[in-house]
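No lab work stands behind these numbers, since they all come straight from the coordinates. This structure is a prediction, so every number in the text was calculated from the model and none was measured. Note that we place each Cβ from the backbone using ideal geometry, even for glycine, and neighbour counts take in every protein chain shown.
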Ligand SMILES: [Zn+2]
Ligand SMILES: [Zn+2]
């Protein structure tokens, strides 16, 4: 009888633990020390190892000991630095896709906490600005992932969130463009929203938030608008970074 009660109690605990305490990335049951983070120690260690050596400017993984990737030794950007929690592959990529395309918004808390750690590695900022979503995409999905993450960050860091940037619909398919043309085209789609006061960013340090940084073209275009509006520094915090530079 006692054995049966223990068995039932054990299964009930496993069920409850499984429902409430699984890693948001790999699904393993969480140990007590990372329970509040929502991501298991193995996943956290893997991401930390991937991002041990990254380009000081664009945040892409580089060879041990290198400070900059080959692209950043010759190219200038409008942003001051990009930092990401991990490389855009495996379970982190799947989690971003689950949140972005399948609407799993319960991932916002663990992924938001991951982003808080990224932001704390960057210089302190005055205001948080989300990278604006393509208006057609938002229409399709009904929500805006970068803004969801920026909200989490705003709450955790106690910083204002400003939806200053807007993205106009591009009439040209980005995938049909060469890399160089894509950089030019995206530049023209980002602008300050009408409600944004012109002096809002004067002498400020801005924390720009996005889910994934791929080429850096969008982050660069956003940073350009913010700097032209008076921002002195723009830092980009992202959940994931593709491992290819340039
Ligand atoms: Zn995990
Ligand atoms: Zn770089």
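For residue 97 and residue 32, a Förster radius of 25 Å and the Cβ-Cβ distance give a FRET efficiency of 0.30, rounded to the nearest 0.05. In terms of the Cα gyration tensor, with a ≥ b ≥ c the square roots of its eigenvalues, is the chain rounded because a/c is under 1.5, prolate because a/b exceeds b/c, or oblate? Prolate is the answer for the chain, as a/c is 1.5 or above and a/b outweighs b/c.
Ordered by the number of other Cβ atoms lying within 10 Å of each residue's own Cβ, fewest first, 162, 134 fall into the sequence 134, 162. Once you have a ≥ b ≥ c as the square roots of the Cα gyration tensor eigenvalues for the range 83-160, tell me rounded if a/c is under 1.5, and otherwise prolate or oblate according to whether a/b is larger than b/c. The shape class here is oblate. Mean residue ellipticity at 222 nm, helices only, the chain: -12000 deg cm²/dmol; runs of at least 4 DSSP H residues each add -39,500 (n - 2.57), and the sum is divided by the number of residues.
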